[in-house]
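S.K.: I have a structure I would like to understand better, so I am pasting it below and will then ask my questions one at a time.
Bear in mind these aren't lab numbers, they're just calculated from the coordinates by the rules spelled out. This is a predicted model, so every value here is computed, not measured. All Cβ positions, glycine included, derive from the backbone under ideal geometry; neighbour counts span all protein chains shown.
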């Protein structure tokens, strides 16, 4: 598998296992990477613990890297796995995704 960080693996697996590979969103004036990172953190992390900003920035950077490597596409109000991203994410098991969710929710990712 490509050399992906745990954050990048989480993003790919999140899109795959939670949304079937594509997600529509409304971001307002915020950059899409920032909106998506904040949405994910709001879903998995309660409040604003000390690690919030660090994980937020890691998610933003993960979205940018995955876009640069053509694993995801961010267009307007949609984020979707590319065919390459789908190929890569199929190597991430549901069990690994569950572990990554736990690591994210505790800031250890």
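S.K.: With contacts defined as alpha carbon pairs under 8 Å and 6 or more residues apart, what's the relative contact order of the chain in percent? Walk me through the numbers on the way to the answer.
M.R.: Working: 112 pairs, mean separation 45.1, N = 109.
Taking the mean separation of contacting Cα pairs over the length of the chain, I get 41 percent.
S.K.: So what is the calculated 222 nm ellipticity per residue for the chain, using -39500 (n - 2.57) for each DSSP H run with n of 4 or more, over all residues, to the nearest 500 deg cm²/dmol? Let's see the in-between values first.
M.R.: Working: 5 runs with 64 residues, N = 109.
It comes out at -18500 deg cm²/dmol, rounded to the nearest 500.
S.K.: By how many nm would the segment from residue 87 to residue 73 grow when fully extended, if each residue of separation counts as 0.36 nm and the alpha-carbon distance is taken off?
M.R.: Extra length from residue 87 to residue 73 when fully extended: 3.6 nm.
S.K.: Place the peptides 59-70, 89-100 in order of packing, highest mean first, counting for every residue the other Cβ atoms within 10 Å and averaging per peptide.
M.R.: 59-70, 89-100
S.K.: Run the paramagnetic zone check for residue 51: 7 angstrom along Cα to Cβ, then residues of the range 69-109 with backbone nitrogen under 14 Å.
M.R.: 99-109
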